[in-house]
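What follows is calculated from the coordinates using simple rules that are stated; it is not laboratory data. A quick note: this is a predicted structure, and the numbers were derived from the prediction, not measured. Note that each Cβ is placed from the backbone with ideal geometry, even for glycine, and that neighbours are counted across all protein chains shown.
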């Protein structure tokens with residue numbers, strides 16, 4: 001029994017051990033890795049992926065997928081920038097409606113939420129596979145971003161937003177605070193609320209969940225909505241970091257988010273996984289990216305390395321499940 | 001939900017809304033904007049009086065030959081950069097025959113140089129501002145203001161100067177070009193030359 005417990009503990013800690021070994025290896029190969037500024041840099045960089053990947057975790061836990069998060073991130077970021085920079089002018093009323101940084105952020109989150117809800121609505125109302133529905137949203141949101149920005153970055157958004165992306169609060173970068181709050185909220189939601197348990201139940205066995213009285217469509221709608229809103233928070237962070245909304249922001253971010261979820265131990269077939277695991281997965285990807293840059297590895301090889309890590313994570317996960 | 005919870009929620013929305021939106025008279029705002037520093041006018045004077053009249057562009061062939069001879073000296077003599085680093089911007093000129101025109105760029109067979117690209121669509125970044133050497137970071141209070149100069153200068157070249165010139169060009173035409181290139185001391189072996197144009201002159 002003790003041996004079984006130890007095996008289970010080892011399995012649960014696999015990602016954490018992998019992260020530790022990766023850090024150790026890179027620290028041995030590069031003396032810059034363990035410097036304070038570099039570690040803050042890594043945390044700052046992964047904070048965007050953490051926000052997106054937390055939403056992706058909820059979706060994957062329900063055995064779904066959301067390929068649109070990168071594009072939703074770009075559109076929401078552009079909306080945030082556009083609201084802050086341009087506001088709305090009503091010439092006939094001689095009225096200008098401006099938005100503060102808070103207004104821009106809330107506007108972006110609302111847009112992300114609405115796009116996510118639209119994904120959920122298409123998936124539940126028309127029984128479209130999530131892969132297809134969110135793939136469609138990927139191009140729709142990217143197109144909307146191009147239309148809204150006219151293909152040109154929206155820049156110079158002021159010191160308020162710049163602080164969100166580059167500022168420090170109590171010695172910790174603001175984006176790290178934001179991702180930390182996101183993680184804590186969603187760890188609580190997934191572990192301690194009925195809504196969280198419903199997500200696991202739907203991913204574990206949708207039919208059984210339905211028969212036990214769970215309103216599956218409503219939960220799916222909410223989860224896709226939340227995934228969109230979290231992508232929007234990621235969009236705000238990216239826009240704030242650059243002090244500019246780039247029309248091509250967030251390209252392939254969905255792949256990094258899915259990678260973080262899978263490496264963190266969440267099963268793509270749903271029902272198994274955790275938000276904390278995803279955070280470790282995102283950290284592994286962030287450390288890997290940072291380490292490969294520090295070691296002067298070509299960006300092309302970086303892509304290969306990332307792919308191999310994802311593949312290994314899935315294979316190990318499959319083997320674990322077979323043993324269990 | 002209990003009634004007091006609805007009340008709290010309403011108050012929270014009210015508080016967020018109050019701190020999110022502000023209202024101004026449009027006419028007041030427009031008057032205020034006019035009183036602010038006019039980056040468009042600054043970019044106009046920078047381009048027409050500065051770049052076209054004061055900046056001495058180096059022949060691209062000369063620059064490349066000098067770099068091959070003594071890169072440090074060539075970077076020092078012709079290059080402009082804001083801080084330390086291996087890269088610098090150069091204001092160059094050259095002439096040749098157009099070998100291809102795409103939506104984004106012109107390919108030019110430049111005399112004494114070979115194949116060179118001229119960016120015609122994505123005129124962004126700080127290449128023109130920095131290659132000109134006319135604007136100093138210390139002239140502005142913040143990086144954001146400094147970058148707005150690039151934004152205005154790029155917009156002028158991208159939207160006003162280039163379109164009528166580019167529309168008239170065809171493959172096989174001979175042109176002269178003045179523009180900015182970025183070169184890095186670390187990548188001088190066969191650099192892919194892409195000029196951010198300031199001026200294209202049909203010949």
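When shorter helices are ignored and each DSSP H run of at least 4 residues is given -39500 (n - 2.57), the per-residue value for chain A at 222 nm works out to -25000 deg cm²/dmol.
Note on chain A: with a GNM built from Cα contacts shorter than 10 Å, the maximum mean-square fluctuation among A:46, A:233, A:17 falls on A:17. Shielding by partners for peptide A:104-117, expressed as the average number of C-beta atoms from other protein chains within 10 Å of each residue's C-beta, is 1.
Inverting the pair-averaged 1/r between distinct Cα atoms of region B:1-85 gives 19.4 Å as its Kirkwood hydrodynamic radius. Here the extension length gained between residue A:92 and residue A:188 equals 29.7 nm, from 0.36 nm per residue of separation less the Cα-Cα distance.
Taking only the Cα atoms of chain B, the radius of gyration and Dmax are 23.3, 82 Å.
From least to most packed, judged by other beta carbons within 10 angstrom and beginning with the fewest, A:75, A:118, B:140, B:10 follow the order B:10, B:140, A:118, A:75. Mean-square fluctuations from a GNM of chain A, with a 10 angstrom spring cutoff on Cα atoms, peak among A:212, A:68, A:267 at A:212.
With r defined as the distance between the Cβ atoms of residue B:159 and residue A:322 and R0 fixed at 45 Å, what FRET efficiency is calculated, to the nearest 0.05? That gives a FRET efficiency of 0.15.
Within 10 Å of the Cβ of each residue in A:92-98, the mean number of Cβ atoms contributed by other protein chains is 5. Between B:15, B:134, B:156, the Gaussian network model of chain B with springs among Cα atoms under 10 angstrom shows the greatest mean-square fluctuation at B:15. The eigenvalues of the Cα gyration tensor, multiplied by 5 and square-rooted, give region A:31-323 an equivalent ellipsoid with semi-axes of 30, 26, 17 Å from largest to smallest.
Rounded to the nearest 10 degrees, what's the angle between the helix B:3-20 long axis and the longest principal axis of chain B, both from Cα atoms, 0 to 90? The angle comes out at about 40 degrees.
For residue B:137 and residue B:41 in the same chain, what is the full-extension length gain: residue separation times 0.36 nm, less their Cα-Cα distance, in nm?
32.7 nm
Just how many % of Cα pairs in region A:47-115 lie over 14 Å apart, if you round to the nearest whole percent?
Result for the distance tail: 65 percent.
For residue B:70 and residue B:15, the FRET efficiency from 1/(1 + (r/R0)^6), where r spans their Cβ atoms and R0 equals 51 Å, is about 0.20. Modelled spin labels at residue B:109 and residue A:38, positioned 7 Å past Cα toward Cβ, are 4.9 nm from each other. Summary value for chain B: 23 percent relative contact order, contacts being C-alpha pairs under 8 angstrom separated by 6+ residues. Normalised by the empirical 2.2 N^0.38 Å for globular proteins, what value does the Cα Rg of region B:94-203 take? Against the compact-globule rule of thumb, the ratio is 1.13. Each distinct pair of alpha carbons in region A:215-288 adds a 1/r term; the inverse of their mean, the Kirkwood radius, is 13.8 Å.
Scaling the Cα radius of gyration of region A:10-49 by the globular reference 2.2 N^0.38 Å produces a ratio of 1.31. What does the convex hull of the alpha-carbon atoms of the protein assembly as shown project to on average, in nm²? The orientation-averaged projected area of the Cα hull of the protein assembly as shown comes to 31.6 nm². Distance between the 7 Å Cα→Cβ label points at residue A:31 and residue A:294: 1.3 nm. Hydrodynamic estimate: the Kirkwood radius of region A:189-324 over Cα pairs, inserted into Stokes-Einstein at 25 °C and 0.890 mPa s, corresponds to D of 144 µm²/s. Residues of region B:98-115 with an amide N closer than 15 Å to a point placed 7 Å from the Cα of residue A:146 along the Cα-to-Cβ direction: B:103-104.
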